[in-house]
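Q: One structure follows; several queries about it will come next.
Read-outs throughout are calculated quantities, based only on the coordinates presented, and are distinct from any laboratory measurement. Predicted, not measured: the structure shown is a model, and the values here were computed from it. Cβ placement follows ideal geometry from the backbone for every residue including glycine, while neighbour counts extend to all protein chains displayed.
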Amino acid sequence: MSERIAISDLGPREVRSPLRLDSLGPVEATFILDEMHYRNPLELGESTQLFERAGPRESLFFDPGKTKVAIVTCGGLCPGLNNVIRSVYLQLHYHYGVPAVMGIRYGYSGFSPEASAPPMWLNADIVNDIHQRGGTLLGTSRGPVSPDIIVDFLEQRGINILFTVGGDGTQRGAHALAEEIQRRKLKIAVVGIPKTIDDDVQYVNRSFGYFTAIEKAKEVIDSAHVEAHCVHNGISIVKVMGRDSGFIASGATLASQEVNFTLVPEVPFKLEGESGLLAVLHRRLLQRKHAVIVVAEGAGQHLMPPTEERDASGNLLHRDIGLFLRHKIRDHFEAQRFPVVLRYFDPSYYIRSVPAATVDSVLCDSFARNAVHAAMAGKTDMIIGLQHGVFIHVPIAMATTQRKRLSNEEWAMVVTATGQPDLT
């Protein structure tokens, strides 16, 4: 049985799109109908989910010439944020003819009356070359702001569309905004563009910034391998981002092919005992005289005292597994009177603050333009998803129920690349 995933919309679409799209066939064939759905080809059972396909609609809800838009970037930095801002503006201004695009400064806090910086109106000169730089032109922050305050801001300034660029915390906030907008019976669209360097958003096979992150992480891992290999009994530990999912650790491991142990949140591991990491690492040094360990920030939390502290986004703070491993490994070999040379690398902020690489630049542009198409058609309370090369519309509530995690097949590839034994 197939389930069609419903997407909220603001009402009938009565404005003809100004887009005149090039096509190999009739021009009309390039527009997407709401009845065009995507089905995951890997779903083999009788129950399947059918998602609306993303893309330009022939009829719009908003009259482009009378539309005002705002865009906000929230959460941690990620390669490609400036690309997204630029492509959103270019699509709105040059292709739809939207005259006013506002950038909200420093995340959701920029909507507050006590905001540290006023919003800025974007233009072609401002966004011209921002894609060549890392970070975000608009600035960012973590932490919620009351939906009442944000919707008041949008209503008072006549904003018709809000684009929220951020991870699951940002999008949960966007969902709360959409609910408040609906409660007030306003015609304001809220469309999310998923941003997470951890690549852990549901229904998004690959989020922008991920390929850049693993490319930069690979560079660090390769240097760590040289450091470990060029000394007797050298050990290099590289800690990368990945609060709940090990996609960066696994992707960088596969790209480098120089890693001997990869530790991720999805797979608990032991430190002690004959099959624990310390003993296995010891045996590796006796045989090969060097080792490289890559660990995701959320790995091994069961080995350390729990904490109830949370960050500004509401995420449970993790203990520092990298420093924990460094101390445990050092103490183990000192107790064994076995001299080692231990190096520690933490490139977390480096890999997220650089400009987007080529593949991510293309992804950013596609996510941004598809978000604009959805918003102009009056779609709301949704994000742009990506499944097997097809961009789709996903309800925010559905996309934020849980985080995407490594599959068994993806983990098997990592184990094959490292040759590590079962540490559980």
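Q: Sort the range 337-400 into rounded, prolate or oblate with this rule: let a ≥ b ≥ c be the square roots of the eigenvalues of the Cα gyration tensor; rounded if a/c is under 1.5, and if a/c is not under 1.5, prolate when a/b is larger than b/c, oblate otherwise.
A: prolate
Q: Taking the radius of gyration and the Kirkwood hydrodynamic radius from Cα positions alone, what is the Rg/Rh ratio for the range 212-302, to two decimal places?
A: 0.97
Q: Same structure, new question: Under a point spin-label approximation (7 Å from Cα along Cα-to-Cβ), what is the S275-V359 distance to one decimal in nm?
A: 3.4
Q: Could you state the number of Å between the C-alpha centres of the range 248-301 and the range 105-128?
A: Here the answer is 43 Å between Cα centres.
Q: Moving on to the next point. Taking 41 Å as R0, compute the FRET efficiency from the Cβ-Cβ separation of R206 and D320 and round it to 0.05.
A: 0.90
Q: Let me ask another. Taking GluC sites (Glu not before Pro) as candidate sites, keep only those in a DSSP loop with at most 13 other Cβ atoms within 10 Å, then name the longest stretch of the chain containing none of them.
A: Segment 115-271 is the longest.
Q: Suppose R0 equals 45 Å. What FRET efficiency, 1/(1 + (r/R0)^6) with r the Cβ-Cβ distance, do N408 and W121 give to the nearest 0.05?
A: After rounding, the FRET efficiency stands at 0.35.
Q: Which of K218/K379; K216/K289; K239/K379 have a Cα-Cα distance over 30 Å?
A: Going by Cα-Cα distance, K218/K379; K239/K379 fall outside the 30 Å limit.
Q: Still on this structure, I have one more. Return the aspartates and glutamates within reach of K195: Cα separation strictly under 12 angstrom, same-chain partners fewer than 8 residues apart disregarded; answer none if there are no such residues.
A: Correct list for K195: D168, D360.
Q: Given labels modelled 7 Å from the Cα in the Cβ direction, how far is it in nm from E309 to S366?
A: 4.0
Q: Rounded to the nearest 0.05, what FRET efficiency is calculated for D331 and E58 with R0 set to 60 Å and r the Cβ-Cβ distance?
A: The value I calculate is 0.35.
Q: Among the helices of the chain (complete DSSP H runs), which have Cα atoms covering no less than 20 Å along the helix axis and a Kyte-Doolittle mean of at least 0.0?
A: 358-376
Q: Which aspartates and glutamates, if any, have their Cα less than 19 Å from the Cα of K328, not counting same-chain residues under 8 positions apart?
A: Partners found: E272, E274, E297, D320, D346.
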